[in-house]
1. Report the extension gain between R259 and S190 in nm, rounded to one decimal, defined as 0.36 nm multiplied by the number of residues separating them, less their alpha carbon distance.
2. What length, rounded to one decimal in nm, is gained on full extension from D374 through to S116, with 0.36 nm per residue of separation minus their alpha-carbon distance?
3. If the reach is capped at under 22 angstrom between alpha carbons, list the lysines near K107, excluding any in the same chain fewer than eight residues apart.
4. Compute the accessible area per residue over the range 108-171, keeping the other protein chains in place, probe 1.4 Å, unit Å².
5. How much of the accessible area of the range 183-241, in percent, comes from carbon and sulfur atoms when a 1.4 Å probe is used?
6. What is the gain in length, in nm to one decimal, between F269 and D22 on full extension, counting 0.36 nm per residue of separation less the C-alpha to C-alpha distance?
7. What angle, in degrees between 0 and 90 and rounded to the nearest 10, separates the Cα long axis of helix 222-258 from the longest principal axis of the Cα atoms of the chain?
8. Beta carbons within 10 angstrom, averaged per residue: use that to sort the peptides 50-62, 69-81, highest first.
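The values are calculated or read from the model by the stated rules, or taken from the named source; none is laboratory data. Owing to the predicted nature of the structure, the values given are computational and were not obtained by experimental measurement. We place every Cβ from the backbone using ideal geometry, glycine too, and count neighbours over all the protein chains shown. All accessible areas refer to the heavy atoms of the entire protein, side chains included, with ligands and DNA or RNA removed. Shrake-Rupley method; radii C 1.70, N 1.55, O 1.52, S 1.80 Å.
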Amino acid sequence: MNFDFSDEQKQLREEARRFLTDRCSPAAVRAILEGPESFDRALWKGLAEMGFLGAAIPEEYGGVGLGHLELCVIAEELGRVVAPVPMASSIYLAAEFLMAAGTEEQKSRWLPKLASGETIGCFAWSEGVGRVTPKSIRTAVSGGTISGAKAPVADGDVAGLAIVAARSGTGTGENAISLYLVDLTGAGVSVEAIDTIDPTRSQSRIVFDGAPAELLGPAGEGWAIASQVMDRAAVLVAFEQVGGSDRALEMGRDYALDRMAFGRQIGSFQAVKHMLADMYVAATLARSNAYYGAWALSTGSSELPVAAATARVSATDAFQHCAKNNIQVHGGMGFTWAFDCHLYYRRANALALGLGSKSTWEDLLIDRLRQRNDAPAAA
């Protein structure tokens with residue numbers, strides 16, 4: 001079985017890398033980090049014009065209709081340049097929710113806007129109380145309106161559409177949770193930006209006070225739908241993390257070859273060699289698991305829940321490890337604002353929490369492996 005990308009997909013990678021190298025330099029990322037904007041609007045428009053936003057969205061809904069493998073390729077290149085755009089919120093999550101559970105009318109109304117970048121989507125599920133569980137969700141819908149508060153919500157301050165997990169029934173189980181579409185530009189919605197470690201991926205607090213809410217998917221199946229979509233998003237985010245890991249490793253390697261100490265390249269010292277070797281092993285393992293996840297995602301395999309959790313855990317470990325050690329290889333200079341190491345360290349830690357903590361996904365992986373291994377015995 002060949003898990004490698006096709007020649008056409010590799011060509012897409014080269015095209016995306018050229019575009020992002022030209023349009024998303026470290027200086028451009030710093031402009032968002034230090035400036036008033038929450039994301040790079042010019043880059044977002046360019047990604048839409050290139051068809052990258054609509055790569056996995058069908059043509060009948062305004063997309064390009066390539067597929068998830070192509071979206072994985074694009075995600076990796078976005079990760080390499082720590083692109084300051086709401087790709088994960090709008091495309092990996094909001095668009096996937098609509099494609100997974102939306103009606104024809106909902107898809108026709110919102111997917112073209114997401115593919116063109118006209119509208120940005122987000123997923124509001126956390127309510128700032130630790131791990132998100134059905135019991136922790138207090139936001140509720142009654143009579144077609146929604147009330148409650150969600151925080152943190154990735155890119156909520158720039159989004160026009162929110163997919164909201166809310167309580168629609170009694171009890172504390174999964175069947176009490178449903179998903180709703182909420183127009184964030186309408187009445188009954190207030191949004192407040194909140195500070196985080198990575199301002200290039202904004203977070204916010206959204207308060208709903210009787211805002212109109214439209215059911216997405218069957219009532220009572222919101223938790224099940226969210227679990228499926230989060231698995232898809234985990235694979236795509238894993239590719240961003242792999243891209244970031246590789247670039248952090250390259251930065252550390254290049255500096256170790258250029259920096260001289262005691263008349264030698266610091267890369268010739270054993271301690272630095274071991275550090276770089278550990279980074280390479282972590283990044284390579286993450287890439288292997290991400291490729292497995294991409295195969296499961298693109299084929300609709302029953303292996304996706306296990307593959308997604310594996311990719312998520314492995315890629316999170318790799319990016320955090322490579323970003324941290326890249327700073328160490330750079331020594332004292334690596335801790336300064338002048339070097340770009342902190343851009344990757346910020347993003348590594350932000351992505352580690354974006355879809356739920358690593359420990360959450362580790363527990364999911366254990367549970368899913370146990371269920372898979374117990375299945376033959378039960379049969």
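1. Taking 0.36 nm per residue and subtracting the Cα distance, the gain is 19.8 nm.
2. On the way: separation 258, 0.36 × 258 = 92.88 nm, distance 4.48 nm.
Going from the current span to full extension adds 88.4 nm.
3. The qualifying lysines are K45.
4. Values: 2370 Å² over 64 residues.
Result: 37 Å² per residue.
5. Carbon and sulfur: 51 percent of the exposed surface of the range 183-241.
6. Fully extending the segment from F269 to D22 adds 85.5 nm.
7. It is inclined by approximately 10 degrees.
8. Highest mean packing first, the order is 69-81, 50-62.
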